[in-house]
Amino acid sequence: MAMSPRNVSIRTYHVGFGDCFLLSFDYGPKVTKHVLIDFGSTGIPKGIRLKKRMMNIALDIKQRTNGRLHAVVVTHRHKDHLSGFETKGGKGSGDVIRSLKPELVVQPWTEDPKVGTSATAPGRKQPRGGMGKHIAALAAMQDVAQQTLSEARRTRFLSGLRPQLSFLGESNIKNPSAVKNLMTMGKKNSYVYCGARSGLENVLPGVKVDVLGPPTVQQSSKVKKQRASDPQEFWQLQANSMRLATGGDGSTPVLFPRFVRSRGSNFPVNTRWLIFHARSSRGAQLLEIVRMLDKVMNNTSVILLLRIGQKRLLFPGDAQIENWEYALGQAKYRDILPRVNLYKVGHHGSRNATPRTLWGMFKNKSKLKTKAGRLQSLMSTMEGKHGSARSHTEVPRETLVRELKEESDLFTTQELTGKDFFHDTLVTFSGGRNGSPAGATKRPRRPTQRLRRGAPSEGRRT
């Protein structure tokens, strides 16, 4: 086997609103190592059955890897990044991935089941109020998400906000089946933070892996400042108050046990005005809460920079500005980020997941589409699912997409239609004992990297 890979083929799967990337590193004749980065979805275009699509992708991964997956990376706990790992009595897409017996499963430090409540970083015993309390706060946040989702689905007066509340609530709820599967499917588990060793170096010879995020509580000054307001207590109180208000099961309120339920508009005009605004305020409050939750969860996202020869591949999951700020403040990362050759666009194309500071660093950007070595970018997304153009929060953000198209070779999953459900991008490396001349890059001609058809038809096993 070659000391380093000759090339990597990145298979971008069309999961709708979500992420799923299979990296296949070619080391020479009959030696290929495969790494899966995320596998989840919270929405799919009309006309496609989500469960069937996820199963087709799982079966394609099995075929592509010849039944052997070397590593799995799950950047964070959002449903659109891990729902595909859910099991179903041996018949779910997560069961298929489990059968590939990965050697290593990489997740953020916030998923480590061994973290105690007295630590501020993995393996370090610290005074009270550290990392374990932060993890407890994340668990309470997901409890809030579940309560919000239940309230959004059952309450008529939230109908105007229901799509946003349901999306954010569903994305942030616990996915116990997938989480348990990930904890036990690999021979080893690695829970990483900025500067930690991922373990991927042992799986992928010749590949250097930098973990740029997420920061630990001890590393991030922003997290420390947030600790002063005790977010754990806030989220636990919020979860408890919502349970009280709904009876714990989303049914009968228990705050007022002798209440009489009223229907219709049999209230004085001034009372109806108060009721309307109270309900509107409640909806706005819930939306703000789940937006805060979504932001915090995204900032637990793993950021990986893969270095092979002269090439740099950046996979930041859904990391947003608070996560990025710590890494961008480190001189060693500021030195290597400008040379990124391939960028997996953060958070499905949201503006604050590609900080201007980061975008400004990339030296391989170019408005000349024929320029050799031009930055390549991959984006997995779905319009109309998150945010709104009216408030300039739409995902993908139109201004970012315009820049990606103008200054990089962009592929977006929205280019895949019909039964096509994956797209391959080939990156070749330099040096090593693999026969590639130094600096060689295999750049497919436009129309970009050719669109590849997955299975002949949805549901057919390949």
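With both labels modelled 7 Å from their Cα along Cα-to-Cβ, the Ile336 to Asp420 distance reads 3.4 nm.
When Lys and Arg each count +1 and Asp and Glu each count -1, what net charge do the other residues less than 11 Å away from Leu100, Cβ to Cβ, add up to? Once positives and negatives cancel, what remains is +3.
Summed over all non-identical Cα pairs, the Kirkwood treatment of region 333-398 gives a radius of 13.0 Å.
Sorted fewest first by neighbouring Cβ atoms within 10 angstrom, Lys46, Lys311, Lys188, Lys367 come out as Lys46, Lys367, Lys188, Lys311. Report the residues of region 355-380 in range of a label on Glu406: point 7 Å along Cα→C-beta, backbone N strictly under 20 Å from it. The answer is 355-372, 374-379, whose backbone nitrogens lie closer than 20 Å to the label point.
Tell me, what is the FRET efficiency for Lys88 and Gln63 to the nearest 0.05, using R0 = 22 angstrom and their Cβ-Cβ distance as r? After rounding to 0.05, the efficiency reads 0.60. The ranking of Met382, Met3, Met183 by Cβ neighbour count inside 10 Å, starting from the fewest, reads Met3, Met183, Met382.
Taking all C-alpha pairs of region 1-92, those more than 15 Å from each other amount to 61 percent.
Compute the FRET efficiency between Asn202 and Ala389 as 1/(1 + (r/R0)^6), taking r as their Cβ-Cβ distance and R0 = 51 Å, and round to the nearest 0.05.
That gives a FRET efficiency of 0.65.
Given Cα positions, please report Rg to Rh for region 320-440, the hydrodynamic radius being the Kirkwood one. Provide the component values of the computation, followed by the final result.
On the way: Rg = 16.0 Å, Rh = 16.0 Å.
Checking Rg against Rh, the ratio lands at 1.00.
The ranking of Met379, Met54 by Cβ neighbour count inside 10 Å, starting from the fewest, reads Met379, Met54.
Taking the square root of 5 times each eigenvalue of the Cα gyration tensor, what semi-axes in Å does the equivalent ellipsoid of region 59-112 have, largest first?
Numbers: eigenvalues 74, 39, 17 Å².
Gyration-tensor ellipsoid for region 59-112: 19, 14, 9 Å.
We did not get these values from a lab; they are worked out from the coordinates using the rules stated. All of these numbers come straight from a predicted model, not from anything done at the bench. Heads up, the Cβs are rebuilt from the backbone with ideal geometry, glycines too, and the neighbour counts pull from every protein chain shown.
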